[in-house]
Every structure is written in C-alpha cells, then in structure tokens.
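Read the structure below first, then the notes.
The values are calculated or read from the model by the stated rules, or taken from the named source; none is laboratory data. Computed from a predicted model, the values in this text were never measured in an experiment. Here the Cβ positions follow ideal geometry from the backbone for every residue, glycine too, while neighbour counts run over all protein chains shown.
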C-alpha cells in the first residue's frame, strides 16, 4: 500500500480481544491527538470471534481514526504483518493490547526517532502485577523491559513499545516470521535481521508505557516456558550452521546456565530481585541449549 500524504503515524495493535484493549486504544488515541499529527490506529482482530469491534463499541472508542482488520489465525506474526500491510503512515508505532500510555508517549517516540536518525526506537515498559501473583516473580520483575539509556546499544528490542520507519517494511521488505508466531520472539528476530541489513536501533527512555500482567502469566511454569522459548529463539538467530558450531554453542550455553544458576542461588539470600533475575537468565541459557539439539519450539500463543 503506498504511503499516504495525509497519515503521518500508524499505531498498530495485534489483539486477541482482551478487555484491556479499551484502555490501550483510549490512551494511545489521546496521546496521538495531543501530538497533533494525522494518525490512524490499525488493529488486527486475532480473536477469531470479532471481539475487537464489540469491545471498542461498548466503550465509545470506535473513532474515525480506528481501522479494524480481521486476522483470526492466532498467530501473532501474521496479525502484526496484517497491520503493517494496512498502515498508511510514514512511521509505524507498535503497542500491545494489555498496555496503556501517557499523554506524551508518542511525542517522546517521535522526538527520539528524529534526534537519533535511527530506523527504529524503543521505549521502556513498566509491568504491573495483580494481587495474588507469585511473589518470586514479582521480586524478579521479568516483564519490565528497558531498552537502555540514550546513546548506548539497545538492550531490548520489542514491539511492546516502539516506533519504526516505514522504509523498514516497504523498502527493505522485512516482515515478522510466521514460524515464530505461536512461540514468540518474532519481534526480536525482525529487529535483529534489520541490524544485519545495516539498520540502526536507538532508545527512547522518555517514551514510557505501562503493562498489566495477567495472573495466568505469573506462574513459575509459565515463566519457565517463556524463558526457554526466549533462549531458543535467540539461538536460532545467532547460532552458526554446522555440527561443530552447534556443539560449541551447546557447551557454551551449558556453562552459562550453570554459572547463572549458581549466581542466582548465592544472590537470592542477599538481593532477591537480582537473584530471581539471574535465575531467569539461567533458564534462558537452558533454552539456548535446545536449539543445537533441534528440539521443537514451545508454542505460547
């Protein structure tokens, strides 16, 4: 689809029809209106039951700027790609349907993109845990994401909070990999491919977003599976082909898993948060060991 001379920013949301979507749309709409540039909000309804329109209609949020496209594949990559195909903006902002933003969020992203000249900029996400969440997970706070300070390499590239130039998708031809659409990691994979093509990433530390973490995600087993997936998708991106390369990668990941596990045990009695974060890192390293063994990716969505 050719870029529109009218629309400057497309805000893209892939949704499975969670009730939290209403707050997401209300806050991003308010932030975009405050910025003052022509915008649209493109939502891929991946519920398979046309939930999105009903949720927004019930809250009076079917604004003229809102565009809903049907997906229904329960594949997050397919849903995200669908929003990209329908986007008319010169820049594309991504958020999730369980997040909410402040009035200055979009302005901060645009400001960082213009100042850095990067192809994509990323803002921090602060996780909010529900009552009854496992206390070890709350201590470790694994769902809070920080891309790092301005001017330093981006530590965490995620579609949970980012602004991307249109050229990334329509000149370079990048899309989210459907093979990762049920396991996750599709966003990190896309931005890693962008970097390998010479693209640049930057931080937007002032573009803060808040995320509501569902109670179902606060179980140790769920975090274990997510960590394994994260490690395995990393290995899939970074591991060189060939038997010896796979063996070296496996051994290196095994050693890192043992070291981070030992560090987590030592830290848990001193600094609970650091200990839990180190424990999660050990799980991620275990996940890295799965790829050299050619084990299947765990489905998450």
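Per-structure values
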item	result
Residue list for segment 106-129, filter: within 12 Å of the chain's Cα centre (by Cα) and in a strand (DSSP E or B)	122, 125
Odd one out for residue 132, checked against (1) out of contact with any helix residue (DSSP H, G or I) (no Cβ under 7 Å at 6 or more places or on another chain); (2) assigned to a loop (DSSP other than H, G, I, E, B); (3) over 20 Å from residue 108 (Cβ atoms)	(1)
Filter result for residue 105 (modelled with pLDDT of 95 or more and within 22 Å of residue 190 (Cβ to Cβ))	yes
Top-ranked residue in segment 239-283 [being under 26 Å from the mean Cα position of the chain (by Cα) and in a loop (DSSP other than H, G, I, E, B); ranked as farthest from residue 192 (Cα to Cα)]	240
Any hit, segment 234-247, residues being buried (at least 17 other Cβ atoms within 10 Å of the Cβ) and over 30 Å from residue 74 (Cβ atoms)	yes
Candidate set from segment 203-216 (those that are within 15 Å of the chain's Cα centre (by Cα) and outside any loop (DSSP other than H, G, I, E, B)); member that is farthest from residue 35 (Cα to Cα)	212
Residues located in segment 48-61, provided they are surrounded by 17 or more Cβ atoms within 10 Å (Cβ to Cβ) and either touching a strand residue (DSSP E or B) at 6+ places or on another chain (Cβ under 7 Å) or not assigned by TED's automatic domain parsing to the domain that holds residue 91 (or both)	51, 52, 56
Some residue of segment 147-154 being crowded, with 21+ Cβ neighbours inside 10 Å, in the same structural domain as residue 45 (by TED's automatic domain parsing) and not in a loop (DSSP other than H, G, I, E, B)	no
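To keep it simple, each residue is scored yes or no on (1) touching a helix residue (DSSP H, G or I) at 6+ places or on another chain (Cβ under 7 Å); (2) in a loop (DSSP other than H, G, I, E, B); (3) modelled with pLDDT under 95; (4) in the same structural domain as residue 48 (by TED's automatic domain parsing).
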| residue | (1), (2), (3), (4) |
| --- | --- |
| 63 | yes, yes, no, yes |
| 67 | yes, no, no, yes |
| 74 | no, yes, yes, yes |
| 79 | no, no, no, yes |
| 82 | no, no, no, yes |
| 85 | no, no, no, yes |
| 89 | no, yes, no, yes |
| 95 | yes, no, no, yes |
| 100 | yes, no, no, yes |
